Amino acid sequence: MNAKNSSMTDALKWTGTQLQVLDQRVLPEEIRYDYYNDAQGVTEAIISMRVRGAPAIGIAAAYAVVLSVKVHYSEHNSNWQQQVKADIEQLRGSRPTAVNLFWALEIMNKAMDVENVSPIASLEVLAKKIHQDDIAANHTMGALGAELLIEAKGVMTHCNAGSLATGGYGTALGVIRSAYKQGLRKIYAGETRPWLQGARLTVWELAQDGIASTLIADSAAAWLMKSGVIDWVIVGADRIAANGDVANKIGTYSLSVLAKQHGVKVMVVAPTSTIDWAMVSGEQIEIEQRQPKELLNDCYLDEHSLVDAWNPVFDVTPAYLITAIVTELGIVLNPSEVNGVKSLQ
Ligand code: MRU
């Protein structure tokens, strides 16, 4: 592995004819890209979590629409738009919580409806723009969020909201990268059970960039906060409601409650594509439930087992527990006191 080769950590690579997806299930042991030529394949890659993280899921879906148009479009096929829309419907069903998926599909769907002599080329331009805009937003958020960390002694992050979860640079990890350049050194990552995004992805991604971090068991977070070593918890988001409630990886709510108790601040970093303006509050957000087998020991998997598992993979943190929501359009401080994120509109 070449620690300086940042292209190694790209979650997605578009070649013009196919989408290459880094299989995040096998990191950090193996760096393996799977190649997709159609929307069905990309749908499966999202369901199986080869690609994960809200912005990366949205970008993958946008490229999947391009692949679908490449498969179905021809001057002699008057039905191609219906066939692409059927693929879009499948993509919509891949994961329920990350709103970037639905946001990107809506943009692609609308663009497809516009009369166009070369739909493949124009939709490809659009998907690449969604990708590039996400990277640019991450750099802007990185700089904005780092300004809040000038005095910070230490930070903790949860899940993986890095380059691996986005078009590149990352949201929460983008802020941490920018703050690292200004001197931040104490960086803690929670393991993020059960899928271990923190243990397998975040500490690896930071190390690839030459940034040292310290892994903790999720259950060590309260004790870490009590020790006074960190002043911020910094996370990404899968969906932000208009009132500032935030759906993110399961455990974010627990960390925010603990943070309140210990005087630690909570920063949510997400592009405006993660805001669902139609959701009045977080109570309406659908929380994905994944298979019990992600949690259970194999010996409990047979049908007569008396042991089941409850595996919600996101939770909702109410706005009143959040100190700052950082977007590419600006920072909303204390969102519960300022009418949520509406000031960004
Ligand atoms: O289940 P995952 O790994 O897709 O969940 C990812 C998260 O919860 C991230 O924190 C969120 O998508 C933001 S990524 C910039």
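The values are calculated or read from the model by the stated rules, or taken from the named source; none is laboratory data. Just so we're clear, the structure is a prediction, and the values are computed from it rather than from any experiment. Here the Cβ is made from the backbone with ideal geometry for all residues, glycine too, and neighbour counts use every protein chain on show. Calculation scope for accessible area: heavy atoms of the full protein, side chains included, ligands and nucleic acids excluded. Shrake-Rupley method; radii C 1.70, N 1.55, O 1.52, S 1.80 Å.
If I ask for residues that are in contact with a Gly (Cβ under 8 Å, 6 or more places away or on another chain) and in a helix (DSSP H, G or I), which ones from the stretch 68-101 would you list? Within the stretch 68-101, Asn100, Leu101 qualify. The one condition from (1) within 13 Å of the ligand (Cβ to nearest atom); (2) under 25 Å from Ala64 (Cα atoms) that His158 does not meet is (2). Considering the stretch 22-42, the residues that are aliphatic (A, V, I, L, M), assigned to a loop (DSSP other than H, G, I, E, B) and free of Cβ contacts under 8 Å to residues at least 60 places away in the same chain include one that is nearest to Glu205 (Cα to Cα), namely Ile31. Scanning the stretch 229-261 for residues that are open to solvent by 20 Å² or more (accessible area, probe 1.4 Å), part of a loop (DSSP other than H, G, I, E, B) and away from the ligand (no atom under 16 Å from the Cβ) yields Val229, Asp231, Asn243.
In this structure, Ile325 does satisfy being assigned to a strand (DSSP E or B) and either open to solvent by less than 60 Å² (accessible area, probe 1.4 Å) or basic (Lys, Arg) (or both).
Taken over the stretch 53-109, the criterion of being away from the ligand (no atom under 16 Å from the Cβ), of a type in the set (Ser, Thr, Tyr) and open to solvent by less than 10 Å² (accessible area, probe 1.4 Å) is satisfied by Tyr63, Ser68. Per this entry, Val264 is not counted among residues that are in the same structural domain as Trp310 (by TED's automatic domain parsing), within 13 Å of the ligand (Cβ to nearest atom), open to solvent by less than 20 Å² (accessible area, probe 1.4 Å) and among the β-branched types (Val, Ile, Thr). Test Gly198 against the stated conditions and say whether it is open to solvent by less than 40 Å² (accessible area, probe 1.4 Å), in contact (Cβ under 8 Å) with a residue 12 or more places away in the chain, assigned to a helix (DSSP H, G or I) and within 12 Å of the ligand (Cβ to nearest atom). Judged against the criteria, Gly198 is a match. Across the stretch 175-195, a minimum of one residue is classified as among the basic types (Lys, Arg), away from the ligand (no atom under 14 Å from the Cβ) and in contact with a helix residue (DSSP H, G or I) (Cβ under 8 Å, 6 or more places away or on another chain).
Here the stretch 117-132 is the region considered, the condition is being in contact (Cβ under 8 Å) with a residue 60 or more places away in the chain and open to solvent by 40 Å² or more (accessible area, probe 1.4 Å), and the residue that is nearest to the ligand (Cβ to nearest atom) is Lys128. Of the residues making up the stretch 138-162, those that are in a helix (DSSP H, G or I) and open to solvent by less than 10 Å² (accessible area, probe 1.4 Å) are Asn138, Met141, Gly142, Gly145, Ala146.
In the stretch 118-138, is there at least one residue being modelled with pLDDT of 95 or more, basic (Lys, Arg) and within 27 Å of Val84 (Cα to Cα)? Scanning the stretch 118-138 turns up at least one residue that is modelled with pLDDT of 95 or more, basic (Lys, Arg) and within 27 Å of Val84 (Cα to Cα). In the stretch 267-296, the residue that is nearest to the ligand (Cβ to nearest atom) out of those that are small (Gly, Ala, Ser) and part of a helix (DSSP H, G or I) is Ser273.
Residue pairs whose Cβ atoms lie under 6 Å apart, separated by 6 or more positions or on different chains, with the first residue in the stretch 300-327 and free of Cβ contacts under 8 Å to residues at least 40 places away in the same chain and the second of a type in the set (D, E, K, R), are Leu301/Lys293. Of all residues in the stretch 218-228, exactly one satisfies the criterion of being open to solvent by 40 Å² or more (accessible area, probe 1.4 Å) and in a loop (DSSP other than H, G, I, E, B), namely Ser227.
For Ser219, are the conditions met, namely being over 21 Å from the mean Cα position of the chain (by Cα), polar (S, T, N, Q) and closer than 21 Å to Ser256 by Cβ? Taking the combined requirement at face value, the residue satisfies it. Here Val114 fulfils each of the conditions (1) in contact (Cβ under 8 Å) with a residue 12 or more places away in the chain; (2) away from the ligand (no atom under 16 Å from the Cβ) apart from (1).
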